[in-house]
Amino acid sequence: MWELDSVRTFVTKFSTGDQQIVARLQPLSGASVHQFFGYESPVLKINAFVVGNTDRDAIRSKVRDGTTHALNYNSSPIFGNLIVKNASFDMKLSICQTLRSDLAEDAPVYECEIELWQDE
């Protein structure tokens, strides 16, 4: 079970990326010169299903709260100090949701994309 803090999500895709900061200088004569300036913090991207407006709104509020959050798997943090950079939601048409038995069968189901930046 995946959770962003305490908000349950059903992750369908999880990806991370790392990037180095390099300037490529091209002098008028000679080969390129590369200048290294360090690296960027990891970026995590999650595609998931979220059930219910309450959980959707809880994730939306994390985009605006200015604090860091934890991504947990089976109640164990796998990433901490995450900034929720952006989140987008698409409501899926469903007659009966079966992902969360603790919520009503007609609760809305959202497919979401969440981008998380690690704050080191």
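The values are calculated or read from the model by the stated rules, or taken from the named source; none is laboratory data. These figures come from a predicted structure and were not determined experimentally. Note that each Cβ is placed from the backbone with ideal geometry, even for glycine, and that neighbours are counted across all protein chains shown.
Evaluated against (1) modelled with pLDDT of 95 or more; (2) surrounded by fewer than 16 Cβ atoms within 10 Å (Cβ to Cβ); (3) among the acidic types (D, E), D55 falls short on exactly one condition, (2). Any residue at all in the stretch 102-110 that's closer than 18 Å to F14 by Cα, in contact with a Lys or Arg (Cβ under 7 Å, 6 or more places away or on another chain) and not aliphatic (A, V, I, L, M)? Scanning the stretch 102-110 turns up at least one residue that is closer than 18 Å to F14 by Cα, in contact with a Lys or Arg (Cβ under 7 Å, 6 or more places away or on another chain) and not aliphatic (A, V, I, L, M).
Scanning the stretch 94-120 for residues that are hydrophobic (A, V, I, L, M, F, W, C) and out of contact with any strand residue (DSSP E or B) (no Cβ under 9 Å at 6 or more places or on another chain) yields I95, C96, A104.
For every residue, the table says whether it meets (1) in contact with a Pro (Cβ under 7 Å, 6 or more places away or on another chain); (2) among the hydrophobic types (A, V, I, L, M, F, W, C).
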residue: S75; (1), (2): no, no
residue: G80; (1), (2): no, no
residue: V84; (1), (2): no, yes
residue: A87; (1), (2): no, yes
residue: M91; (1), (2): yes, yes
residue: I95; (1), (2): no, yes
residue: R100; (1), (2): no, no
residue: L103; (1), (2): no, yes
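Checked against (1) surrounded by fewer than 11 Cβ atoms within 10 Å (Cβ to Cβ); (2) under 12 Å from the mean Cα position of the chain (by Cα), H34 passes all but a single condition, namely (2).
Across the stretch 93-120, the number of residues qualifying as under 23 Å from K45 (Cβ atoms) and surrounded by fewer than 11 Cβ atoms within 10 Å (Cβ to Cβ) comes to 1. Scanning the stretch 70-117 for residues being touching a Ser or Thr at 6+ places or on another chain (Cβ under 6 Å) and of a type in the set (K, R) gives a total of 0. The criterion of at least 3 residues that are of a type outside the set (F, W, Y) and in contact (Cβ under 8 Å) with a residue 60 or more places away in the chain is met by the following strands (runs of 3 or more DSSP E) wholly inside the stretch 13-120: 33-51, 69-73, 109-118.
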